[in-house]
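FYI, it's all coordinate maths here, none of it is from the lab. As the structure is a computational prediction, the values presented were derived from the model and not from experiment.
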Amino acid sequence: MPARSISTKRGDDGSTGLLYGGRVRKDSARIECNGAVDEAQAAIGLARAHLGDSAVPGRSTVRGGGPSGSVSEFLLAVERDLWVLMAEVATAPRNRRKLVPGASLVTAEMVDRLETKVHELEAAGAVPTEFVVPGENLPSAALDVARTVVRRAERLAVGARIAEDSQVVPYLNRLSDALWLLARAVEGRHVSARGT
């Protein structure tokens, strides 16, 4: 048996610990929200894995992370942002003052980065003119799954009432938009591989 195990058995009573102390039921609004964010992070990771050499023809030229970044790099940055978001959600209101902007508290700048990405993709022509049926290829389908999970996380975050000045809901809202547009770009039907 290892010296330290991830199996603590403290959650066997149906509760889980919060950042900076306190415990809540595992079906509380905050934990339900974080569960959906955790699923979204895994779905984004799946999409990133599908963006391998054989997944999308010309994928090395598909730009999604900004002037110097690929779609995979952008998605990895988002996955790291979601750790910050989950930390904020997992903090009791009485401990909110302990959160650190950009490390355990979602900032307006994080939201702005996503909005910038949305505008870049729109300007590159990623907005289709017809209804979209997901499943053109594996990466775009995985991005569409991630988007729907992010939308669920957003709804749950609204219900969890994180804090009046929280940027959690705006971040999730912009992320779902960015994922939808990235899925269209990765499909390659609406944006040329060099266009985003």
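Can you compute the radius of gyration and Dmax for segment 79-148, using only the Cα atoms, both in Å?
When restricted to the Cα atoms of segment 79-148, Rg and Dmax are 16.4, 48 Å.
Over the alpha-carbon set of segment 108-184, divide Rg by the Kirkwood Rh and report the Rg/Rh ratio to two decimals.
1.01
Report ³J(HN,Hα) in whole Hz for each residue of segment 15-27, in order, from the Karplus equation J = 6.51 cos²θ - 1.76 cosθ + 1.60 where θ = phi - 60°; Gly and Pro get x.
Result, ordered by residue: 10, 9, x, 9, 5, 6, x, x, 10, 9, 5, 5, 9 Hz.
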